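First up is the structure itself, then whatever we jot down about it.
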Amino acid sequence: MKTIITYGTFDILHAGHINLLRRARECGDRLVVGLSSDEFNQCKHKSSLLNYDNRKAVLEAIRFVDVVFPEQSWEQKADDIRRYRADVFVMGHDWLGKFDFLSELCEVKYLPRTPEISTTEIRQSLGAVVQQVKHV
Ligand code: CTP
């Protein structure tokens, strides 16, 4: 059985996330996802609209996802790869080169990002709509 591991915040799930998860799962037989905890997001000076439990419930309902576990720090990836016996580490190509050091533990793959969609853009659009409503 070939296990794939990937990481992300997966806030306000969109087609870019689904494409990444589908293509990651197609690399093997089982996909395990490290989901940024709310505390880790704060550490990265990021906030998510949906909290960890909500994001986890949504991810677990996706048919390409087999296991969701919390990502609490930058340093845990090597231990996770060993614990889940991951064969391939997958991330979108916005992370190109950043995780090459893990290649001594498993194969490292960067997949092309889906263009023109991101959680940041969705949040900016939502913010603009709220501002327009305030001015009506
Ligand atoms: N991803 C992707 N295509 C997109 C958006 C995200 O392939 N259009 C991938 C990322 O490269 C990453 C995973 O989905 O491997 C989770 O990304 P995440 O950072 O949670 O989502 P983003 O929408 O990129 O969020 P943000 O705008 O906050 O960075």
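The values are calculated or read from the model by the stated rules, or taken from the named source; none is laboratory data. Given the structure is predicted, the values throughout are model-derived calculations rather than measurements. Neighbour counts are summed over all protein chains in view; Cβ atoms, including those assigned to glycine, are modelled from backbone coordinates with ideal geometry.
The criterion of being more than 20 Å from F10 (Cβ to Cβ) and surrounded by 13 or more Cβ atoms within 10 Å (Cβ to Cβ) does not hold for E71.
Quick grid of which residues meet (1) at pLDDT 95 or above; (2) more than 13 Å from the chain's Cα centre (by Cα); (3) not aliphatic (A, V, I, L, M):
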site	(1), (2), (3)
V65	yes, no, no
D80	yes, yes, yes
R83	yes, yes, yes
V90	yes, no, no
F101	yes, yes, yes
V108	yes, yes, no
L126	no, yes, no
V133	no, yes, no
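Under the condition of being surrounded by fewer than 17 Cβ atoms within 10 Å (Cβ to Cβ), farther than 16 Å from T119 by Cα and within 10 Å of the ligand (Cβ to nearest atom), the residues counted in the range 2-46 number 0. The residues of the range 94-125 that are surrounded by fewer than 12 Cβ atoms within 10 Å (Cβ to Cβ) and either basic (K, R) or in contact (Cβ under 8 Å) with a residue 60 or more places away in the chain (or both) amount to a single one, K98. Selection of the range 29-50 for residues being in contact with a strand residue (DSSP E or B) (Cβ under 8 Å, 6 or more places away or on another chain), modelled with pLDDT of 95 or more and farther than 19 Å from H17 by Cα yields only F40. Residues that are of a type outside the set (F, W, Y), within 16 Å of the ligand (Cβ to nearest atom) and assigned to a helix (DSSP H, G or I) within the range 82-122 comprise H93, D94, D100, L102, T119, T120, E121, I122, listed in sequence order. Figure legend. Inter-residue proximity from the range 11-24: first residues under 18 Å from S36 (Cβ atoms), second residues of a type in the set (D, E) and assigned to a loop (DSSP other than H, G, I, E, B), beta-carbon distance below 9 Å, spacing 6+ or different chains. Indicated pairs: G16/E116.
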